Every structure is written in C-alpha cells, then in structure tokens.
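Peer 1: Before I ask anything, here is the structure I am working with.
The values are calculated or read from the model by the stated rules, or taken from the named source; none is laboratory data. Just so it is clear, the structure is predicted and the values come from calculations on it, not from any experiment. So basically every Cβ, Gly included, is an ideal-geometry build from the backbone, and we count neighbours across all protein chains shown. When the accessible area is computed, the model is the full protein with side chains, heavy atoms only, and any ligands, DNA or RNA have been set aside. Shrake-Rupley method; radii C 1.70, N 1.55, O 1.52, S 1.80 Å.
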Amino acid sequence: MKGIILAAGKGTRMYPMTLPVCKPLIPVYDKPLIYYPLAVLMQAGIRDILIIVPPDEMYSFIKLFGDGSDLGLNITYRIQKVQRGIADAFIIGKSFIGDDDVCLILGDNIFYGDCLKVCLNRALTNEGTTIFGYYMDDPRPFGVVEFDESGKAISIEEKPQNPKSNYIVPGLYFYDNSVVAIAEQVQPSSRGELEITSVNNAYLERGELNVVTLDESFTWLDAGSAENLLESANTIMKIQQRTGKQVACLEEIAYDMGYITKEQLLSLGENLKNTSYGEYILTRV
C-alpha cells in the first residue's frame, strides 16, 4: 500500500498567519502540522508516500523531509495547481499509485489514541475500502455516515443540515486500486469540488465500504481554523506533558517500526540535541 498526504491547502481561512507559509507547515505546539498525518502513515507500515503541495511551496517541503530516506521512507512530491477537492488527490497521484492500494490522509488532520495501531491494522486487513467514524456533538460541517440497526453504514451525506447520525468521516481513508477509476468519474459538486463523499458513496453502492468507529478515548483534531489550531496545540501539549511521550515523533516511529537503525536514530537526535525534541529522541534507545 502507498500513502498520499493532501497538503495543498493555503489556509485562506487562517490569514494572515498563513500568508507567508502554507497551512501544513505551520506549527502545532512543537512540530509542523504535517508531522501528524505523516506519523499515521508511518505507523500503518506505509513507506512510499506522495505529498501533494500547493504551487510555489514544494521547496519548503523538500527542505523539511527531503526524499524521506533519513526516516527510512521514499517521499515524492506533486503540485495541486488548483484546489479541486479531496478526490483530486487520486487523479494527481495516478502514476504514483500505479497498481497498488492507497491510503489518503489530509494534511491538517491529527489522529491520536492508544487504539490507533489497532484501527490501522483493521483498515489494512479489510477488503475493499475502509473509512472511520468519529463522534461529534455537531456533525453538520462534515461528511456524516448513517448506520442501520446492525451498525452497517447505509449512507454518507456531505455537510447535511439535518444529520442522520453524530458520526463524521475524518480525513483518513484506505482504498483499493479501483479508487483511481472511481475518482476520474466523479463530477464536481455545487461547490465546484470533487468530493471524497462521492468516492465513498460509490464504494457504498458496491457493498465494499467498511466503517471503523473510533472510541471515546480517541483524539481527532482538524487544525483548519485559528481556533482549532490553538485547541490542537493545547491538546498536544497536555498529552505530552501527561504521558511524557512525544506525539508524532517521526524519528521515534521510524525506529520503532524498524525503518532506521539505532545508530541512525542517535544521529538524527544529535542534529537536534539543543532542543527538547532532540533530547527526547536521544532517550529513546
């Protein structure tokens, strides 16, 4: 399976803070926002990763990650010239995906929880497509999934005024290879975008959509506004202070997953040794 991070958002709702730098590169507490979705792909065992970036921003991402080899990854980059919706990621990434299955994660979403690896493993072993359901008191700004009495998903509706459940679909999706052909058939919505809900409904109609619900202990954050960004930073700070562990420490994950050696981990920590982040890395072995 390959992975795609859709990190092409300029963050216009967050101006002026995102005028000099695009949204996925702004800090959430002590690390760039894009660290968090990349950490999820790494924990899913995905090492071939495409990052879709805004025009004129590719150098900043390359400066941050290079080709990913320091983390035992293979990272490539593509530009989304015009923001055409989430499903456009599969069209942009068609040649990258090739004949493989693919996991898509949004560049402004943060997933954290003790059950994260279990949920990722369920998604990896399910046939067809797997999305996730996350409980929200007010689900109206999101895609909302409806379940029947047995817990099976029966509909997904984008930004409904009268939601049929409180479970929204966060920005993490596992698809088989047919997602490319499905995305190419999606017609723009009234917003002029290729909606990911249209892709998910196509799988639903084929009876190939699995929904994994995340329990109440799970933390999902959408850092897409100034208020949510502040909430996300405070949440990450509190988790790290409470647990004594870094959230989305890419170097630690790479070592734990066997992507890099102990010597490589120590070298990465030495490069950052004058920071608390670097000191944390050096304590991992």
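Peer 1: Determine the share of region 7-157's accessible area contributed by carbon and sulfur atoms, expressed in whole percent, with a 1.4 angstrom probe. Walk me through the numbers before you get to the answer.
Peer 2: On the way: 3390 of 6840 Å².
Whole-percent figure for carbon plus sulfur exposure: 50.
Peer 1: Another question, if that's okay. Report Rg (one decimal) and Dmax (nearest whole number) for the chain, counting Cα atoms only, units Å.
Peer 2: In Å, with Rg to one decimal and Dmax whole: 18.4, 55.
Peer 1: A further question on this structure: Counting only protein chains, not ligands or nucleic acids, how are MET14, MET257 ordered by accessible area (probe 1.4 Å), most first?
Peer 2: Working: MET14 5, MET257 60 Å².
Putting MET14, MET257 in descending order of accessible area: MET257, MET14.
Peer 1: Further, regarding this structure: Kindly report the accessible area of region 35-80 per residue (heavy atoms of protein chains, probe 1.4 Å, no ligands, DNA or RNA), in Å².
Peer 2: Details: 1770 Å² over 46 residues.
On a per-residue basis, 38 Å².
Peer 1: Which FRET efficiency value, to the nearest 0.05, do you get for SER267 and ASP215 by plugging their Cβ-Cβ distance into 1/(1 + (r/R0)^6) with R0 = 25 Å? All intermediate terms of the calculation are to be shown ahead of the outcome.
Peer 2: Numbers: r = 38 Å, r/R0 = 1.51.
According to the calculation, E is roughly 0.10.
Peer 1: If you add up the charges near THR219, with Lys and Arg at +1 and Asp and Glu at -1, over every other residue whose beta carbon is less than 13 angstrom from its beta carbon, what do you get?
Peer 2: On the way: positive: LYS238, ARG242; negative: ASP114, ASP215, GLU216, ASP222, GLU231.
Taking every Cβ under 13 Å from that of THR219, the sum is -3.
Peer 1: On to the next question. Would you tally the net charge around GLY85, using a Cβ to Cβ cut-off of less than 11 Å, leaving GLY85 out, and scoring K and R as +1, D and E as -1? Kindly include the intermediate steps, with their values, before the conclusion.
Peer 2: Numbers: positive: ARG84, ARG191; negative: ASP88, GLU158, GLU193, GLU195.
Here the count lands on -2.
Peer 1: Something else about it: Keeping all protein chains in the complex and leaving out DNA, RNA and ligands, what accessible area do you get for GLU252 with a 1.4 Å probe, in Å² to the nearest 10?
Peer 2: Number for this one is 20 Å².
Peer 1: Right, another one. Which residue fluctuates the most in the chain, going by a Gaussian network model with Cα springs under 10 Å, if the choices are GLY66, GLY151, GLY207?
Peer 2: Per the Cα network of the chain with a 10 Å cutoff, GLY151 tops the list.
Peer 1: Quote the relative contact order of the chain in percent (integer), defining contacts as alpha-carbon pairs under 8 Å separated by 6+ residues.
Peer 2: 22
Peer 1: By accessible area of protein heavy atoms, probe 1.4 Å, what ranking do LEU41, LEU25, LEU19, LEU282 get, highest first?
Peer 2: Numbers: LEU41 0, LEU25 30, LEU19 105, LEU282 50 Å².
The most accessible residue leads, giving LEU19, LEU282, LEU25, LEU41.
Peer 1: Could you sort LYS94, LYS31, LYS2 by accessible area so the largest value comes first, with the probe set to 1.4 Å? Working shown, then result.
Peer 2: Values: LYS94 100, LYS31 5, LYS2 40 Å².
Putting LYS94, LYS31, LYS2 in descending order of accessible area: LYS94, LYS2, LYS31.
Peer 1: Considering the dipole of region 1-132 built from charges on the beta carbon (Lys and Arg +1, Asp and Glu -1) around the Cα centre, which of THR130, ILE75, PRO16 is farthest to its positive end?
Peer 2: Value computed over the given set: PRO16.
Peer 1: Right, something else. Taking 28 Å as the cut-off for C-alpha to C-alpha distance, list the pairs among LYS10/LYS159; LYS31/LYS117; LYS81/LYS262; LYS63/LYS94; LYS10/LYS164; LYS94/LYS238 that go past it.
Peer 2: Values: LYS10/LYS159 22 Å; LYS31/LYS117 21 Å; LYS81/LYS262 40 Å; LYS63/LYS94 25 Å; LYS10/LYS164 32 Å; LYS94/LYS238 39 Å.
Exceeds cut-off: LYS81/LYS262; LYS10/LYS164; LYS94/LYS238.
Peer 1: Let me ask something additional. Before anything else, pin down the relative contact order of region 22-180: Cα pairs under 8 Å, at least 6 apart, normalised by residue count, whole percent.
Peer 2: Details: 223 pairs, mean separation 35.9, N = 159.
Result for region 22-180 is 23 percent.
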